[in-house]
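Trainee: For reference, the structure I am asking about is given below.
The values are calculated or read from the model by the stated rules, or taken from the named source; none is laboratory data. Computed from a prediction, not measured in an experiment: that's the story for all the values here. Virtual Cβ from ideal backbone geometry, glycine too; neighbours counted across all protein chains shown. Remember, those area values only see protein heavy atoms, side chains included, never the ligands or the DNA or RNA. Shrake-Rupley method; radii C 1.70, N 1.55, O 1.52, S 1.80 Å.
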Amino acid sequence: MKSSKASEIVALEYTTVKVPYEVLNKKFRQAQKIIDREISQLSNQISNIMRLPSPELQRQAMPAFKEKLTSFRKRYADCLTKEGGYADKCLHRLQHLAEYTTNSDPKSEAIWKRKRLDKILVDYFLRNSHYETALQMVKSGGIEDIVDTELFISGRDIENSLVAHNVAPCLQWCHENRSRLKKTRSTLEFNLHTQCFIEKIRSKDYMGAIQYAQRYLVESEGMSKEKLQETMVLLAFKPSTECEKYKALFSEERWQELVLEFRASNYELHHLHSDSLLSTVLQSGLSAIKTHQCYSSEKSGDCPVCNEPLNSLATPLPFSHCTQSRLICRISGQPMNEHNAPMMLPNGNVYGETALTEMMATHGIVTCPKTNEKFWLDQAQKVYVM
Amino acid sequence: MDAVSVLQKEFCKVNSKHKELQEGLSNLDDLVAAVENNQDLDCNWYLNQVKTELTNISVSHKDWHGSISRFGKVIDKQLTENVSFFTNRDLISGRNSQLLHQLICEHFLRQGNLELVEKFVQDSGHKLEECKKRPFVDLNQIVGSLRKRDLLPALKWCENNRPALKKRGSSLEFMLHRLNFISLIKERNTAGALQYAQILGQFVETHKKQLQRLMGSLLYVSTGIENSVYRDLIDPQHWSDICDLFTKEACSLMGLSKESPLSITVDAGCKALPALNSIRQVMEAKQLWGLKDELPCEVDLGPSCQFHSLFACPILRAQCTKSNPPMRLECGHVISNDALKRLAISNKVKCPYCPQETSPSEAKQIYF
């Protein structure tokens, strides 16, 4: 049992650890930049003081230097505290996962599983812009520490500004993540600039458009000449053009495409799957449960796949695979095995011994729930399943 | 060692390095203090000291990155990044996302979290009919009272739904009355219990044995039920059982399953994914994925996630179907019809599991 829990962690919890790790990594880089800049400033000052002609002058410079050193100490300590906070987040996530693998108490296991479901749902809600539901759920489920809402919320603000035709926050984001975006050969930044260029043409500011293109588009990396030329041709067209190719460039939909491109880059940058985990686990779960009985007259009231809405949802998915018999009593829903032997009634229907004995004890007769035929308990015969 | 332990161990290194950095702050403090207290400080010497310490800070902070990035690599190695390999990306879209939203709403309603349902309906634009909501609100109230050991609302509910419960052969109402009776016995209130027995009398036909036991317990009221053979009657477990029984009955009257289908399915999926993931490479190499109408491997979800009997013929190692049903031989062993035909030699078949020999026509088709 323990190892199966551990393998669930391996298959499902990558982002739970990787996302806070990436944040920690990013904060480290930011801190290192600050530290290096401050240190180089301080070193310059040190050299300047050392170059002063007399010890007297040097001594006079010391109080000011002391101020600088103290303020550096404060900045550096701040950086360390912040990093510590993000490291604690990673640590907390790992502890949360360890809770599942090391604990075997059924009650706390049920609580953990409920948190896992809540977490998977929150992820689905955030990806589908159901922000209010997600936030409410995080609050009522007490799962603040194991979900990454900030990432999506800050993404939402950028998306909203794009919808309002404001590229500044998104460009700022590109700037902050430049090195990572370069690695993935992202075209987001170029597309943003192109959009600004198009908007300038739309407002008939042709000179401004050319200047903008000179400044931002020519320099853009990973940018093919063809594409740049294609964009420059726009100068010759009016927004009302009927030419398909250029009409598309003027279209309002391009803003929506930018939103989607930003979202995809944001997920990729944070190692989030492009699909929600909910869709993945639902599909594998439905397949693992799905049997041919679910689509016959043998439906069970408690089986998720037998009932709507999952019955329809599971229709295109594969059935479960079975090479080893696993029998369930249709009366009690309990497994039939050596402790609850399968018994055949004279009409061929098999039920668990426990359920039949109980029925005999309460009603004095055994009624086959499928055919309503009545039998004595001793008419039932044992069935041996290998 | 499992993945989490490995990760924890690796992260300890990240943490301890960071602690060292924080401890290093005291060197800076010393340097700040030195210039403050000392009037005849050798400035050149002092500034060189500061310079060394600053280089030291920059280098050791940079060094910390080593353990961070190692931790990142261990994550990549220990945990699987992408398990959506066989997911049908378009499954949850259009009409299907409506189905999913219906499922999510029902899940929240079951939990009695009405506020969340409201928010979800607002956010997703899902149309939830009021008539679907109502029964859950009532149900949650009744379960709430049961948890507080208040049986009245549940009994009232039984009264309103008596014909339907009777048709199901439900013992819910009897069990509720039984708890009331047991409470009276526990309080050593013989007179009250005797009076209550009148109510129990109406269940004599359906629950004769249990009723006899309850009445038998009356003999021990004065000497204390906890010391008698009837002590199991006062087990507090009965109170949590009654909540389960009530939910089960109420849900099935509403045509719903006992557990939330969403949480069962997600749980099953979490159990199934590791198994599917482990044979992924084989499947991808042979390009078998998606060709079959069945999952490529067996996933044992345990009894809590199994709702139907699955019978696999032990001879053919394949699941039985309508065209190849399971057959019980005279001796009680079960094999599939196709296997039976294969094993039969001139109207005789020897059971593969015991010495008995019968005619194939005596084998009987069975239904699990």
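Trainee: Tell me which helices (runs of 4 or more DSSP H) are completely within the stretch A:151-248 and hold 2 or more residues being acidic (Asp, Glu), or say none if there are none.
Mentor: Working: elements: A:168-176, A:178-183, A:188-202, A:206-212, A:225-232.
Per the criteria, A:188-202, A:225-232.
Trainee: Output the qualifying pairs, or none if there are none: Cβ atoms under 8 angstrom, residues six or more apart or on different chains, first residue in the stretch B:1-26 and in a loop (DSSP other than H, G, I, E, B), second residue hydroxyl-bearing (Ser, Thr, Tyr).
Mentor: If the second residue must be hydroxyl-bearing (Ser, Thr, Tyr), the pairs left are B:2/A:3; B:2/A:101; B:24/B:60.
Trainee: Check off (1) in contact with a Cys (Cβ under 6 Å, 6 or more places away or on another chain); (2) surrounded by fewer than 17 Cβ atoms within 10 Å (Cβ to Cβ) for residue A:56 and give me the number that stays unchecked.
Mentor: Exception for residue A:56: condition (1).
Trainee: So which residues in the stretch B:65-82 are in contact (Cβ under 8 Å) with a residue 40 or more places away in the chain and of a type in the set (Ser, Thr, Tyr)?
Mentor: Correct list: B:67, B:80.
Trainee: Restricting to the stretch B:297-334, name every residue that is surrounded by 15 or more Cβ atoms within 10 Å (Cβ to Cβ) and at positive phi.
Mentor: Matches in the stretch B:297-334: B:332 only.
Trainee: Assess whether residue A:292 counts as being within 9 Å of chain B (Cβ to nearest Cβ) and either open to solvent by 30 Å² or more (accessible area, probe 1.4 Å) or without any contact (Cβ under 8 Å) to a residue 24 or more places away in the chain (or both). First the steps, then the outcome.
Mentor: Details: within 9 Å of chain B (Cβ to nearest Cβ): yes; either open to solvent by 30 Å² or more (accessible area, probe 1.4 Å) or without any contact (Cβ under 8 Å) to a residue 24 or more places away in the chain (or both): yes.
It is true that residue A:292 is within 9 Å of chain B (Cβ to nearest Cβ) and either open to solvent by 30 Å² or more (accessible area, probe 1.4 Å) or without any contact (Cβ under 8 Å) to a residue 24 or more places away in the chain (or both).
Trainee: Check the stretch A:273-285 and report whether any residue there is in contact with an Asp or Glu (Cβ under 9 Å, 6 or more places away or on another chain), surrounded by fewer than 16 Cβ atoms within 10 Å (Cβ to Cβ) and without any contact (Cβ under 8 Å) to a residue 60 or more places away in the chain.
Mentor: As a first pass, look at the stretch A:273-285 and keep what is in contact with an Asp or Glu (Cβ under 9 Å, 6 or more places away or on another chain): A:273-274, A:276-278, A:281, A:285.
Those still in the list that are surrounded by fewer than 16 Cβ atoms within 10 Å (Cβ to Cβ) too: A:274.
Checking the rest, the ones that are also without any contact (Cβ under 8 Å) to a residue 60 or more places away in the chain come to A:274.
Yes, the stretch A:273-285 has at least one match.
Trainee: Give the residue that is nearest to residue B:241 (Cα to Cα), with candidates limited to residues of the stretch B:156-167 that are touching a Leu at 6+ places or on another chain (Cβ under 8 Å) and either free of Cβ contacts under 8 Å to residues at least 24 places away in the same chain or not aliphatic (A, V, I, L, M) (or both).
Mentor: Applying the first criterion (touching a Leu at 6+ places or on another chain (Cβ under 8 Å)) to the stretch B:156-167 yields B:158, B:161, B:164-165.
With the extra rule that they be either free of Cβ contacts under 8 Å to residues at least 24 places away in the same chain or not aliphatic (A, V, I, L, M) (or both), the set shrinks to B:158, B:161.
Details: B:158: 17, B:161: 20 Å.
Within the stretch B:156-167, the match that is nearest to residue B:241 (Cα to Cα) is B:158.
Trainee: Quick check on the stretch A:324-333: of everything there that is closer than 14 Å to residue B:310 by Cβ and open to solvent by 50 Å² or more (accessible area, probe 1.4 Å), which residue is farthest from the other protein chains (Cβ to nearest Cβ)?
Mentor: Looking at residues that are closer than 14 Å to residue B:310 by Cβ and open to solvent by 50 Å² or more (accessible area, probe 1.4 Å), I get A:330.
Trainee: If you check every pair at least six apart or on different chains, which have Cβ atoms under 6 Å apart with a residue in the stretch A:41-58 that is free of Cβ contacts under 8 Å to residues at least 24 places away in the same chain and closer than 18 Å to residue B:52 by Cβ first and a residue that is basic (Lys, Arg) and surrounded by 14 or more Cβ atoms within 10 Å (Cβ to Cβ) second?
Mentor: What qualifies is A:46/B:51.
Trainee: When you look at residue B:50, is it in a helix (DSSP H, G or I), free of Cβ contacts under 8 Å to residues at least 40 places away in the same chain and within 24 Å of the chain's Cα centre (by Cα), yes or no?
Mentor: Working: in a helix (DSSP H, G or I): yes; free of Cβ contacts under 8 Å to residues at least 40 places away in the same chain: yes; within 24 Å of the chain's Cα centre (by Cα): no.
Judged against the criteria, residue B:50 is not a match.
Here is a yes/no grid of residues against (1) outside any helix (DSSP H, G or I); (2) open to solvent by 40 Å² or more (accessible area, probe 1.4 Å); (3) charged (D, E, K, R):
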{"residue": "B:188", "(1), (2), (3)": "yes, yes, yes"}
{"residue": "B:206", "(1), (2), (3)": "yes, yes, no"}
{"residue": "B:217", "(1), (2), (3)": "no, no, no"}
{"residue": "B:243", "(1), (2), (3)": "no, no, no"}
{"residue": "B:247", "(1), (2), (3)": "no, no, no"}
{"residue": "B:281", "(1), (2), (3)": "no, yes, no"}
{"residue": "B:295", "(1), (2), (3)": "yes, no, no"}
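Trainee: Same structure again: Restricted to the stretch B:83-95, and to residues that are open to solvent by 10 Å² or more (accessible area, probe 1.4 Å) and in contact (Cβ under 8 Å) with a residue 24 or more places away in the chain, which residue is nearest to residue A:287 (Cα to Cα)?
Mentor: B:86
Trainee: When the stretch A:346-361 is examined, which residues are found to be out of contact with any Ser or Thr (no Cβ under 9 Å at 6 or more places or on another chain) and within 10 Å of chain B (Cβ to nearest Cβ)?
Mentor: Going through the stretch A:346-361, the residues out of contact with any Ser or Thr (no Cβ under 9 Å at 6 or more places or on another chain) turn out to be A:346, A:348, A:353, A:356-357, A:360-361.
Answer for the stretch A:346-361, where residues must be out of contact with any Ser or Thr (no Cβ under 9 Å at 6 or more places or on another chain) and within 10 Å of chain B (Cβ to nearest Cβ): A:346, A:348, A:361.
Trainee: Within the stretch B:45-60, take every residue that is in contact with a helix residue (DSSP H, G or I) (Cβ under 6 Å, 6 or more places away or on another chain) and open to solvent by less than 70 Å² (accessible area, probe 1.4 Å) and give me the one that is farthest from the other protein chains (Cβ to nearest Cβ).
Mentor: To start, the set of residues in the stretch B:45-60 that are in contact with a helix residue (DSSP H, G or I) (Cβ under 6 Å, 6 or more places away or on another chain) comprises B:47, B:50-51, B:53-54, B:58.
If we keep only those that are open to solvent by less than 70 Å² (accessible area, probe 1.4 Å) as well, we get B:47, B:50, B:53-54, B:58.
Values: B:47: 5, B:50: 6, B:53: 10, B:54: 5, B:58: 5 Å.
Going through the qualifying residues, I end up with B:53.
Trainee: Could you grab the pairs with beta carbons closer than 7 Å, sequence gap of 6+ or different chains, first residue in the stretch B:96-109 and farther than 13 Å from residue A:310 by Cβ and at the interface with chain A (Cβ under 8 Å from one of its Cβ atoms), second one at pLDDT below 90 and open to solvent by 10 Å² or more (accessible area, probe 1.4 Å)?
Mentor: Correct list of pairs: empty, since none qualify.
Trainee: Show the residue pairs that are 6+ apart or on different chains and have beta-carbon atoms under 9 Å apart, the first residue being within the stretch A:1-21 and at negative phi and part of a helix (DSSP H, G or I), the second being open to solvent by 20 Å² or more (accessible area, probe 1.4 Å) and basic (Lys, Arg).
Mentor: Correct list of pairs: A:4/B:271; A:8/B:271; A:16/A:119; A:20/A:89.
Trainee: For residues that are open to solvent by less than 30 Å² (accessible area, probe 1.4 Å) and part of a loop (DSSP other than H, G, I, E, B), tally how many sit in the stretch A:301-318.
Mentor: 6
Trainee: How many residues does the stretch A:6-37 hold that are more than 7 Å from every other protein chain (Cβ to nearest Cβ) and in contact with a Phe, Trp or Tyr (Cβ under 6 Å, 6 or more places away or on another chain)?
Mentor: Result for the stretch A:6-37: 2.
Trainee: A follow-up question, please. Given the criterion modelled with pLDDT of 90 or more, open to solvent by 40 Å² or more (accessible area, probe 1.4 Å), of a type in the set (A, V, I, L, M) and assigned to a helix (DSSP H, G or I), identify the matching residue among A:97, A:135. Step through it out loud before you land on a result.
Mentor: Details: A:97 fails: open to solvent by 40 Å² or more (accessible area, probe 1.4 Å).
Of A:97, A:135, the one residue that is modelled with pLDDT of 90 or more, open to solvent by 40 Å² or more (accessible area, probe 1.4 Å), of a type in the set (A, V, I, L, M) and assigned to a helix (DSSP H, G or I) is A:135.
Trainee: Here are B:101, B:126: which of them is assigned to a loop (DSSP other than H, G, I, E, B), under 20 Å from residue A:135 (Cβ atoms), modelled with pLDDT of 80 or more and open to solvent by less than 30 Å² (accessible area, probe 1.4 Å)?
Mentor: Numbers: B:101 fails: assigned to a loop (DSSP other than H, G, I, E, B).
The conditions single out B:126.
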